[in-house]
Amino acid sequence: MKFLIALGAALLLAGTALAKEAAPLAEDEAVEKRLINIAEELRCLVCQNESLAGSRADLAEDLRREVRNLIKQGKTDQEVKDFLVSRYGDFVLYRPPVKPTTWLLWAGPFLLLIGGIAALIAFLRRRSAQVAPAAKLSDEDRKRAEALLKDNS
Amino acid sequence: MNRFLLPLALFVVLVGFLAVGLNRDPRDVPSPLVGKPAPSFEVPQVADPGQTFSPKQMLGKVWLLNVWASWCVSCRQEHPILVEYTRNGGTMPIIGLNYKDQRSDGLNWLQQLGDPYLLSAFDADGRVGIDYGVYGVPESYLIDKAGVIRFKQTGPITPEVMNGKILPLAKELDQ
């Protein structure tokens, strides 16, 4: 028993001696948070449907390094984005800016919605015009109908 | 009859959009740098690390900056076209930018496949590439006498691009 306790203690000591404190994932947590915030809004150009934050492409890693440097230099988010747009174009932005070449892009869905609603209204109007309301029974007709119903009973 | 006309028209429009949209190359992103001055840099040369290259040295000439790397597969596709151009006495200087490569690998590559470049600049960490908006090697930039980028080719230069776009434009800019 004593032997076992000693062995356990020895193992425990060995364990603490071997384990090191986990290395921090990033040097500066605040910088990294801002990096991820910005990079999630940016497209990786190599793998176009991934964001710069999520991509493991070589270029994405380089660009993250650049963005990290810019953040450390105290640039604003907008300045960082402008840095990338001036090199790679508006295509890197997942939210394209509103300008004459993108008006159709921004307004298109709303135009389609308005068109759809207009078509729906036109369709409903036409249908209600086709299904004319049933004419009211004249007094004479009503009497005839009542007479027929009575006959049956 | 009229009932089918509108859906048919909408269908044709949709097919039209898809035909145009799906036939475009999503990798061909228009560069915002065309029409702007070529970003300046100064990096060592591949062959001689003691010497540097900067685009300033090329002012007054119409030249082609060709980004290449020994690890780049499509560079092997375009390389013979450049080699042939230089070998046949082409006058437009071609400067290589060896992008994110090992110096020894780059030198080997040039030795094996031929060296069409006046010189190659060495961009070890890809910083120059970032300034030029490089995202897929090979890429080429035609730069005029005033140091303004006039044309960018993303992806390998094909004979059609070389003879149909780059060389005519270079000739025009050289006048």
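When the residues of the stretch A:36-67 are filtered to those that are part of a helix (DSSP H, G or I) and either more than 10 Å from chain B (Cβ to nearest Cβ) or among the small types (G, A, S) (or both), the one that is surrounded by the fewest Cβ atoms within 10 Å (Cβ to Cβ) is A:N37. Only residues that are of a type in the set (A, V, I, L, M), within 14 Å of another protein chain (Cβ to nearest Cβ) and assigned to a loop (DSSP other than H, G, I, E, B) were counted in the stretch B:1-59, giving 4. The requirement of being in a loop (DSSP other than H, G, I, E, B) and either more than 12 Å from chain B (Cβ to nearest Cβ) or within 20 Å of the chain's Cα centre (by Cα) (or both) is not satisfied by A:G108. Quick check on the stretch B:24-44. Is at least one of its residues surrounded by fewer than 10 Cβ atoms within 10 Å (Cβ to Cβ) and over 27 Å from B:L173 (Cα atoms)? Yes.
Here the condition is being part of a strand (DSSP E or B) and basic (K, R); of B:K145, B:K152, it holds for B:K152 alone.
Tallying residues that are β-branched (V, I, T) and either surrounded by 17 or more Cβ atoms within 10 Å (Cβ to Cβ) or over 24 Å from the mean Cα position of the chain (by Cα) (or both) within the stretch A:68-80 yields 2.
Number of residues in the stretch B:117-134 that are more than 8 Å from chain A (Cβ to nearest Cβ) and among the aromatic types (F, W, Y): the value is 2.
Is it the case that the stretch B:66-86 has a residue that's modelled with pLDDT of 95 or more, touching a Ser or Thr at 6+ places or on another chain (Cβ under 7 Å) and away from chain A (no Cβ under 14 Å)? There is at least one residue in the stretch B:66-86 that is modelled with pLDDT of 95 or more, touching a Ser or Thr at 6+ places or on another chain (Cβ under 7 Å) and away from chain A (no Cβ under 14 Å). Does B:G90 satisfy the criteria of being more than 14 Å from chain A (Cβ to nearest Cβ) and among the small types (G, A, S)? The answer is yes for B:G90.
Restricted to the stretch B:139-174, and to residues there that are closer than 20 Å to B:S74 by Cβ and within 14 Å of chain A (Cβ to nearest Cβ), the residue that is surrounded by the most Cβ atoms within 10 Å (Cβ to Cβ) is B:Y141.
The values are calculated or read from the model by the stated rules, or taken from the named source; none is laboratory data. Because the structure is predicted, anything quoted here is derived from the model rather than measured. With ideal geometry, Cβ positions are generated from the backbone for all residues, glycine too; neighbour counts draw on all protein chains shown.
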